[in-house]
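The values are calculated or read from the model by the stated rules, or taken from the named source; none is laboratory data. Owing to the predicted nature of the structure, the values given are computational and were not obtained by experimental measurement. FYI the Cβ positions are ideal-geometry reconstructions off the backbone, even for glycines, and counts take in every protein chain you see. Accessible surface is based on the protein model in full, side chains and every heavy atom, while ligands, DNA and RNA are left aside. Shrake-Rupley method; radii C 1.70, N 1.55, O 1.52, S 1.80 Å.
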Amino acid sequence: MNPTYLTPTTATGPTAVRTGPVPVPVPAAVRFRAACPDCRGRFELAAGALRLAIGATSRTTFYTFTCPECAAPVRKPAGERIIELLTGGGVRTLRLHATP
């Protein structure tokens, strides 16, 4: 596999490279292993079955999914590594903001 190098610039036209965040394509086959604390089922979920909420604290940062075996809603805490894996895998992310 050949590496892809990204270089930011501010030029325009056919030779320009855009600045800012670079979208990284995520394969549709990305799957995440998960377990249900209610029925103790173990399964794999596609990125579309998970949601990630990033809050100001570790208590308000979590991911959620619905168990495909018992239909229970599941909410689990998400540390830095989990956040990195889920966002890199194409999971939809919601950023929670504190109200004044």
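Points worth noting:
- Residue 80-residue 42 FRET efficiency (beta carbon distance; Förster radius 25 Å; 0.05 resolution): 0.55
- Carbon/sulfur fraction of accessible area - the range 26-74, other protein chains in place, 1.4 Å, %: 52
- Electrostatic bookkeeping for residue 35 treats Lys and Arg as +1 and Asp and Glu as -1; over the other residues with beta carbon under 15 Å from its beta carbon, the sum is +3.
- One chain, two ends: residue 66 and residue 35. Fully extended at 0.36 nm per residue, the span grows by 10.1 nm beyond their Cα-Cα distance.
- Once the chain from residue 97 to residue 59 is taken as fully extended at 0.36 nm per residue, the excess over their C-alpha distance is 12.3 nm.
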